[in-house]
Amino acid sequence: MSGPSASGAAGSASLSATTLRALEAVLPPVVALCIAAVIGDLLILSFGESPAAVYALLIKGTWGNPYGIGQVLYKTTTLTCTGLAFALAGRAGLFNVGAEGQLAAGGFGAALLGLALPSGLPGLLAVPLCVMAAMLTGAGVGAVPGVLRARFGASEVIVTIMLNFIVLALLNWVVSTHLHLPETLRTPDIHAGTLPRLADWFAVFSGSAANAVLLLALAAAAASWWLLFRTRSGYELRAVGLQPDAAEYGGVHVPRVMWTSMALSGALAGLGGVNFVLGYKGYYEDGFAGGAGFLGIAVALVGRNHPFGIVLSALLFATLSQGGLAVNAIVPKQLTDILTAVVILSVATAVPEVQRQLRAAAASTMAALTRAQQTSGGRAS
């Protein structure tokens, strides 16, 4: 009698653990979005407008027409890259606040190589080289705080914040002094070639900025998932993030994992710079990042630091960003900025509380199952 009972209890425990992990992944963002929606309704009502009308206009201006869809996908591309950058470092227990500088550095690296390459070089060769240059430049900027953390124990938060100022100021000086066109803060057009826009394949997207970098961002998300959850390196990275001392005791070279994860994080952010430089404008422009590196932190948090969750989260924040332009006719555009901040604050509040409640409920359930098993065993004997 004890065999089947033990087996049933073990199955229930396994099911409970699986269910708990699924709920911890899905429920906190859902709760946060519900909180943000309620607060958003109250804000819209304070302007004397109907929430239903505002949300309908937001959807119509984003997902209700091909141009809006294209613009959402364009912004999703950059946010996916910066979200992945933060998440990859976060999985290793590191807080990369430097995606803004890494994003700008990647775009500049792509533009600089694009200007340096011979004009007669085929685009099929030149464009991949520029993409690689962007990722390598971003990786170089990202590796600096990783090495300082691994070698000297320096806080990656402080180092990445300071590097943002250094990189952005340095790029501003280089462009404004040596590479700018007259009366602008941008480089000359890149003659090495650019990536195709979605409108080149689907005429319905004509006028939108969406381009082939979207496919690279999705491929980066899939590659990040494979690296994190299907490789030994990813297992070591997650182990360092969860408990570095235990990982080191198990044979993991923790300093190496730290600086390589930061370098990979920077490479992903650098890829986001390609979206503007090679996919949209065809040149580097000072200030093009526009806060996308910092917003990537929110994207990763809402996406629960999971590559596929980050893609969905990037879609949400891109919709809010583009939707702000659509609703500006009846409510201030800044309303969507407020909603974005509310989503972030809701996630920061809801995640630990929902996790605490779920774990308490799981512990209560397991205790009830144990008592039931003991009662059943006593009766059987």
Exercise for review: Sum up the charges of everything whose Cβ sits under 15 Å from the Cβ of residue 209, counting Lys and Arg as +1 and Asp and Glu as -1, but leave residue 209 out.
Suggested key: +1
Review point. In the Gaussian network model of the chain, springs joining C-alpha atoms below 10 Å, which of 285, 353, 100 carries the largest mean-square fluctuation?
Key: 353
Review point. According to the square roots a ≥ b ≥ c of the eigenvalues of the Cα gyration tensor, what is the shape class of the range 189-321, taking rounded for a/c under 1.5, prolate for a/b larger than b/c otherwise, and oblate for the remainder?
Key: prolate
Practice item. Check every DSSP H run in the chain and write down those whose alpha carbon atoms cover 20 angstrom or more along the long axis and whose mean Kyte-Doolittle hydropathy is 0.0 or greater. Key: 2-46, 66-91, 99-116, 123-152, 156-174, 213-230, 254-276, 307-326, 334-380
Practice item. Using the 2.2 N^0.38 Å rule of thumb for compact globular proteins, work out how the range 42-87 stacks up: its C-alpha Rg over that value, please. Key: 1.54
Check your understanding: Under 5 Å between amide H atoms, partner at least 5 residues away or on a different chain: which partners does residue 211 have, H built in plane at 1.01 Å?
Key -> 198
Point to revise | Computed helical MRE - 222 nm, the chain, DSSP H runs ≥ 4 contributing -39500 (n - 2.57), nearest 500 | key: -26500 deg cm²/dmol
Practice item. Apply 1/(1 + (r/R0)^6) to the Cβ-Cβ distance of residue 26 and residue 369, taking R0 = 30 Å, and write down the FRET efficiency to the nearest 0.05. Key: 0.80
**Study point:** From phi via Karplus (6.51, -1.76, 1.60), per-residue ³J(HN,Hα) for the range 178-190 in Hz, x at Gly/Pro
**Key:** 10, 10, 7, 6, x, 6, 9, 10, 9, 7, x, 4, 6
Point to revise | Relative contact order of the range 50-330, pairs being alpha-carbon contacts under 8 Å that are 6 or more residues apart, as % | key: 40 percent
Practice item. Figure the gain on full extension for residue 235 and residue 52 (residue separation times 0.36 nm, minus the Cα-Cα span) and round it to one decimal in nm. Key: 61.3 nm
Check your understanding: Taking square-rooted eigenvalues a ≥ b ≥ c of the alpha carbon gyration tensor, is the range 294-341 rounded, prolate or oblate, where a/c under 1.5 means rounded and, failing that, a/b exceeding b/c means prolate?
Key -> prolate
**Study point:** Among 153, 241, 293, residue whose mean-square fluctuation peaks in a GNM of the chain (springs only between Cα atoms under 10 Å)
**Key:** 153
Check your understanding: Once Rh is set to the Kirkwood radius over Cα pairs, what Stokes-Einstein translational diffusion coefficient, in µm²/s, holds for the range 12-168 at a temperature of 4 °C and a viscosity of 1.567 mPa s?
Key -> 66 µm²/s
Exercise for review: For a quick protection proxy, order the peptides 19-29, 57-67, 40-50 by their average other-Cβ count within 10 Å, most packed first.
Suggested key: 57-67, 19-29, 40-50
Exercise for review: Taking 7 Å along the Cα-to-C-beta vector as the label spot, tell me the residue 348-residue 204 distance in nanometres, rounded to one decimal.
Suggested key: 4.0 nm
Study note, to complete from the structure: Here P(r) for the chain, Cα-Cα distances in 10 Å bins, as whole percents, is 5, 20, 27, 24, 14, 6, 3, 1, 0, 0
Revision key, fill the gap. quick shape note, the range 70-150: Cα extents on principal axes in Å, largest first -> 45, 34, 17
Check your understanding: Mind ordering 315-328, 69-82, 210-223, 179-192 by average Cβ neighbours within 10 Å, highest first?
Key -> 69-82, 315-328, 210-223, 179-192
Point to revise | Nonlocal amide H pairs with residue 96, under 5 Å, H built at 1.01 Å | key: 90
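The numbers here are math on the coordinates, done by the rules we state, and not lab data. If you're wondering where the values come from, they're calculated on a predicted model, not measured in any experiment. As a convention, Cβ positions derive from the backbone with ideal geometry for all residues, glycine included, and neighbour counts pool all protein chains shown.
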